[in-house]
Amino acid sequence: MRFKLSTFFEYFVKLLPYLKVTFTYAGLSLLFGIFFGFLFAFFKLGKSRILRGIANVYTAVFRSIPPVVLLFLVYYGIPMVAEAVTGNNMGRKDPILFVIITVTLLATASLTEIMRSAYKSVDKGQYEAGVSIGLTDIQTFCRIIFPQALLYALPSLGNLVIYLIKEGSLGFTIGLVDIFGKANTLNQNTYSNHILEIYIALAAMYWVVAIASEKLLKFAEQRVKRELGRT
């Protein structure tokens, strides 16, 4: 079995259309994860022992469960619970929904710690300075605290994006056809005759996505720094 460069490029091109599926679950999971991550970070930093306990339990549980186990729990568990509550069988027609839920749960657990650490990295004097010049608590957070916390969080967000994309590839186990799922299908259809070209093309695609994500986050970091320099 010899590696053929032309075959590699052929399968690289065939995988390209399925990047939109990968970007869809990674992007939506990141957005939902940021929202819930902020929420649980505030729980952890707040004075309520109950909310702090809920956030601590959540992060401890979902950071310890293997992603593939969590995916199966979501894929098989949610329809069963929904049927028990509503009496209707929701089915499992769209696997991307279950992948988004799973990756969001994983992202939230990681982002809770990222946001908490980023918030604590901002000097407390910044808040006091904002209040002293007449800003409300919300204005102080939005204009002073959040941009600085975001700057601290961005390097970790870059690593998280790559992590979410890789973990989401487990969706092929429940029938999701993203770049990983398509690569498996192509390999099966060719009876593994081009297995090397297919999976090197897949690896190259993940590498390109990782580099692009890193560059994008670096650009965002520089942009935030410039904006902070103007304020």
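Here Lys120 is the anchor, and the lysines within straight C-alpha reach of less than 16 Å, apart from those fewer than 8 places off in the same chain, are Lys44, Lys47.
By the helix-only formula, in which each DSSP H run with n ≥ 4 contributes -39500 (n - 2.57) and the sum is divided by residues, the chain has a 222 nm mean residue ellipticity of -26500 deg cm²/dmol. Of Val68, Ala183, Ile54, which is farthest along the charge dipole of segment 5-230 in the positive direction, counting Lys and Arg as +1 and Asp and Glu as -1 at C-beta? The residue sitting most towards the positive pole is Ile54.
Over the chain, the ratio between the Cα radius of gyration and 2.2 N^0.38 Å evaluates to 1.22.
Going highest first, how would you order 65-73, 121-129, 164-172 by mean Cβ packing within 10 Å? Provide the component values of the computation, followed by the final result.
Working: 65-73: 16.2, 121-129: 12.2, 164-172: 22.1.
Put in order of decreasing packing, that is 164-172, 65-73, 121-129.
For Ser29, neighbours were defined as the other residues whose beta-carbon sits under 14 Å from its Cβ, and their charges (Lys and Arg +1, Asp and Glu -1) total -1.
The relative contact order of segment 5-230, computed from alpha carbon pairs under 8 Å that lie at least 6 residues apart in sequence, is 30 percent. Simple point charges give the picture: +1 on the Cβ of Lys and Arg, -1 on the Cβ of Asp and Glu, and for the chain a dipole about the Cα centre of about 360 debye. Protection proxy ranking of 30-40, 11-21, 76-86, by the mean of other Cβ atoms within 10 Å over each peptide's residues and highest first, is 30-40, 11-21, 76-86.
Among Ala60, Ala153, Ala26, which one moves the most in a GNM of the chain with springs linking Cα atoms closer than 10 Å? So, out of Ala60, Ala153, Ala26, the one fluctuating most is Ala60.
All of the numbers you see were taken from the coordinates with simple rules; none came from a lab. Predicted, not measured: the structure shown is a model, and the values here were computed from it. Methodologically, a virtual Cβ is constructed for each residue, glycine included, from the backbone with ideal geometry; neighbour enumeration extends over all protein chains shown.
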